[in-house]
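The values are calculated or read from the model by the stated rules, or taken from the named source; none is laboratory data. Computed from a predicted structure; not experimentally measured. Don't worry about glycine lacking a Cβ; one is built from the backbone with ideal geometry, like all the others, and counts go over all protein chains shown.
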């Protein structure tokens, strides 16, 4: 170990210091190329020296994983390869971004055609035709279905992505996920489609015909179905409440009249009473 360290120290002292660029996470691929070129110019190949020279290029609080790489005493060529791979994953363009750059195109913006070729190649990176076709397929899917499968397509080929997406469509190519409230569809964990139909809005209008009691403890996980039932409840309660109020007021009047009639003497009694007071006097006359 001491012999290796001495050899590394001698190499540092005998070679010029590499002119390393400041760390540029926004253009990580270009930064990596510049670092590798700087090391090649002064013929530094020892990974320990590479990490030692890079130490001042990273803020100590920027990334703890980078710090682990920089201060490893057992650094090797494999360690350096893992370090570069981590930087690409952490700060580089994803396969999706590279594929979309090809699909969406790159404007020339005053560049010469050869310069445009260079920047297009840089943006495309290591993207393949399969990656481009897969992203083009995903762009054509309805948003609801795209959200369902986007986290499941990593590592899948273009064809495999199409087979996965098929589970969200019927045999006629119609989506099984709908955003309207008349039909609510769901896809189970195994990819099988299940459809739960809810009554249309016209059914809500005929709420008085629906007289079954409601259970306030809705346990159905389907949000649209729950909302529909809540609307039914509200409509049912409002209409029945108004009917109750109507019956109560009219019934009260009827009950008041009937009670009043029951408590008061009959009409002939009333007239008799009236006549008794008045008519009695008249008869006395």
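Taking the stretch 92-140 and the helices (runs of 4 or more DSSP H) fully enclosed by it, the elements with 3 or more residues that are out of contact with any helix residue (DSSP H, G or I) (no Cβ under 9 Å at 6 or more places or on another chain) and in the same structural domain as residue 153 (by TED's automatic domain parsing) are at 113-124.
Let's see how each residue does on (1) at pLDDT 90 or above; (2) more than 30 Å from residue 176 (Cβ to Cβ); (3) surrounded by 12 or more Cβ atoms within 10 Å (Cβ to Cβ):
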residue: 99; (1), (2), (3): yes, no, yes
residue: 104; (1), (2), (3): yes, no, no
residue: 110; (1), (2), (3): yes, yes, no
residue: 138; (1), (2), (3): yes, no, yes
residue: 141; (1), (2), (3): yes, no, yes
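Within the stretch 64-72, can one find any residue that is out of contact with any helix residue (DSSP H, G or I) (no Cβ under 6 Å at 6 or more places or on another chain), surrounded by 13 or more Cβ atoms within 10 Å (Cβ to Cβ) and in a helix (DSSP H, G or I)? Yes: one or more hits.
Taking (1) part of a loop (DSSP other than H, G, I, E, B); (2) in contact with a helix residue (DSSP H, G or I) (Cβ under 9 Å, 6 or more places away or on another chain) in turn, residue 145 satisfies each apart from (1).
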